[in-house]
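Following: one structure in structure tokens, then a few remarks.
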Amino acid sequence: MDYKAMLASLWLTDQPIWDFALYGLFLLNVILLFTVPSESSFGTMLGILVLVAIVIDKTYAFGYLMKSPYPKVCHAKIFIGTYLIRALMFVAPLTIAGSTDSGKARGIGIIAGLAGAAYLFGRWFMEQRKVPSGNITCQNPEIVASSAQAILLLGYVLARRSVRLINGHVPLPIAQELSAHKVEV
């Protein structure tokens, strides 16, 4: 990983409009974090996640973590994780605004959420809109497919204990074992 390049991208890059947009989002979310009531651990956690997502987006971290030969292109234009963290920048402040009783936090949360939505849709429209759907990762498609298969298999193995089938067809999630007198055979 090239830490020097990641740290250098924290300052102004060749895209100053997006840089200033991220700086503004960071400032709005710091203000939101300080206006959230101290007893709201959920709101504080979401606010911190948004700040981390902004730093990840600003430093092109996904491109560097995947060891792509073109980390900025991989992060900004192709990788689906980038789109998801930008969605977090949109949804999390609105969630904080909806879950708090503080009027100041609610107002700042709505403004930060709308600013995150503008950033998300602006970056999508300018950079990600024309990327073919087959290029949503920076890896070889066969590797991604085998990884997805492994994740699905692991999920099946882990969920097998909590999902039972009725008459072999209908899934029934069981949260606890049923008593013998409550079960019809």
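Quick note: the coordinates plus some simple rules give every number you see, no bench work behind them. The shown structure was predicted, so the numbers you read here are calculated from the model rather than taken from an experiment. Cβ: placed from backbone, ideal geometry, glycine included. Neighbour counts: every protein chain shown.
Residue by residue through segment 21-35, which ³J(HN,Hα) values in whole Hz follow from phi under the Karplus form 6.51 cos²θ - 1.76 cosθ + 1.60 (θ = phi - 60°), with glycine and proline marked x?
5, 5, 4, x, 4, 4, 4, 4, 6, 5, 4, 4, 4, 7, 8
Each residue of segment 40-52 in order: what ³J(HN,Hα) in whole Hz does its phi give by Karplus 6.51 cos²θ - 1.76 cosθ + 1.60, θ = phi - 60°, with x for Gly and Pro?
Result, rounded to whole Hz: 8, 6, 5, x, 5, 4, 5, x, 5, 4, 5, 5, 5.
With a 10 Å radius around each residue's Cβ, average the other Cβ atoms per peptide and rank 87-93, 121-127, highest first.
Ranking the peptides 87-93, 121-127 by packing returns 87-93, 121-127.
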